[in-house]
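The structure appears below as structure tokens.
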Amino acid sequence: MALISDHHARRKLGSIGQLLMKDEDAAGVLLTIKSRLPETGSIVVNLSSWYVEPSCRWFAPRMLQMASSSEEELFTDLTPSPEACKLNERLGFQTVTDHTLFYPLPLKALRPSGARLSPLAAVSPDTLPAAMREMLEDHLRLGCIVAIMQADGHHYPLVFLKTTTKKLPSARLIYCEDREIAQRHISAIARHLLSRGRLALTMAALDGERNAGGFAAHKFAPIQVKGAWNPHFINETYSELVLLPP
């Protein structure tokens, strides 16, 4: 919890969650991990670690409704249970991705690509807005792999969380303006990650995208959001995946 508390304190984001009290005892908890989108400054509230004791389950939907009621904030649930998915939908959430794709990087690295990835330190400071650079530097300090991809005449910030998948050292794409761009330039990403000791890549996507960028194994893993959201946008920064490491 220390990383979440420190992040909220530094960014003046308020409480890190809600407690459901029964008399003098806590009977439920819901983390509300907040961050600001570097492009717009909009606040994203990531709902996580929701638990309510069986004797108080009748109040659980109301607890979630209260936590996601603001019309000025965006809400995400990156790891909803099947029960939470159904409840989220009744509260106005929509499923933006429903699978995790798994790419074996040695196979992907063999294909040509016109893109090139550089570490953040190699990119001129005026290439990126200050808020974007700040977010990227935060995730570098948190142990993520951060790169700037030059492709199609643009600079695309990418953030990868170091993970282990199928017992392989892997990386999960947790920030990308448009995952279709990442899929299109998967070979350049593969070479960059291989040079940093990663053998596989995972990313959130839709079931129909399993062949985008070449073959990718997949598993069912929905992500839900509430509020105006670009469905191709990947943003899992400052989430429990990063701030609550296993």
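Below, the figures for the structure above:
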{"quantity": "Full-stretch length increase - Glu137, Asp152 - with 0.36 nm per residue and alpha-carbon distance subtracted", "calculated": "3.0 nm"}
{"quantity": "Normalised contact order of the range 1-118, rounded percent, pairs of Cα under 8 Å and 6 or more residues apart", "calculated": "16"}
{"quantity": "Å² of accessible area per residue within the range 124-164, as computed with a 1.4 Å probe and no ligands counted", "calculated": "46"}
{"quantity": "Electrostatic dipole magnitude of the range 185-246 [Cβ: Lys, Arg +1; Asp, Glu -1; Cα centre; debye, to 20]", "calculated": "200"}
{"quantity": "Residue among Asp178, Asp207, Asp23 with the largest mean-square fluctuation in a Gaussian network model of the chain, springs linking Cα atoms under 10 Å", "calculated": "Asp23"}
{"quantity": "Accessible area of Trp50 in the full protein assembly, 1.4 Å probe (Å², nearest 10)", "calculated": "80"}
{"quantity": "Added length on full extension, which subtracts the Cα-Cα distance from 0.36 nm per residue, Arg196 to Ser49", "calculated": "49.8 nm"}
{"quantity": "Met21-Arg90 FRET efficiency (beta carbon distance; Förster radius 30 Å; 0.05 resolution)", "calculated": "0.75"}
{"quantity": "Relative contact order, percent, the range 43-94 [alpha-carbon distance under 8 Å, six or more residues apart]", "calculated": "52"}
{"quantity": "Relative contact order computed over the chain (Cα-Cα under 8 Å; 6+ residues apart), in percent", "calculated": "24"}
{"quantity": "Dimensionless Rg/Rh of the range 173-246 - Kirkwood Rh, Rg from C-alpha atoms", "calculated": "0.96"}
{"quantity": "Within the chain, longest stretch clear of exposed trypsin sites (Lys or Arg not before Pro) (DSSP loop, no more than 16 other Cβ within 10 Å)", "calculated": "13-165"}
{"quantity": "Computed [θ] at 222 nm, helices only, for the chain once each DSSP H run of length n ≥ 4 contributes -39500 (n - 2.57)", "calculated": "-6500 deg cm²/dmol"}
{"quantity": "DSSP-assigned coil residues among GluC sites (Glu not before Pro) in the range 65-161, each with at most 12 further Cβ atoms within 10 Å", "calculated": "Glu71, Glu72"}
{"quantity": "Max mean-square fluctuation residue, GNM over the chain, Cα-Cα springs under 10 Å, options Glu180, Glu53, Glu209", "calculated": "Glu53"}
{"quantity": "Fluctuation leader among Tyr103, Tyr175, Tyr51 - the chain, Gaussian network, Cα springs under 10 angstrom", "calculated": "Tyr51"}
{"quantity": "Approximate shape of the range 2-110 as ellipsoid semi-axes (Cα gyration tensor, √5λ), whole Å, largest first", "calculated": "28, 20, 15"}
{"quantity": "Accessible carbon and sulfur surface of the range 1-130 relative to its total accessible area, %, 1.4 Å", "calculated": "56"}
{"quantity": "Globularity index of the range 132-189, i.e. its alpha-carbon radius of gyration over 2.2 N^0.38 Å", "calculated": "1.15"}
{"quantity": "Largest-first principal axis extents of the Cα set of the chain (Å)", "calculated": "62, 37, 32"}
{"quantity": "Distance violations [Cα-Cα > 18 Å] among Lys167/Lys219; Lys162/Lys226; Lys22/Lys226; Lys34/Lys226; Lys34/Lys162", "calculated": "Lys162/Lys226; Lys22/Lys226; Lys34/Lys162"}
{"quantity": "Simple spin-label estimate for Asp126 and Thr40 in nanometres, 7 Å along Cα-Cβ", "calculated": "2.9"}
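The values are calculated or read from the model by the stated rules, or taken from the named source; none is laboratory data. Keep in mind that what you see is a predicted model, and the values were worked out from it rather than measured. Neighbour counts run over all protein chains shown; Cβ positions are idealised from the backbone, glycine included. Just so you know, the surface numbers come from the protein's heavy atoms only, side chains and all, with ligands and any DNA or RNA stripped out. Shrake-Rupley method; radii C 1.70, N 1.55, O 1.52, S 1.80 Å.
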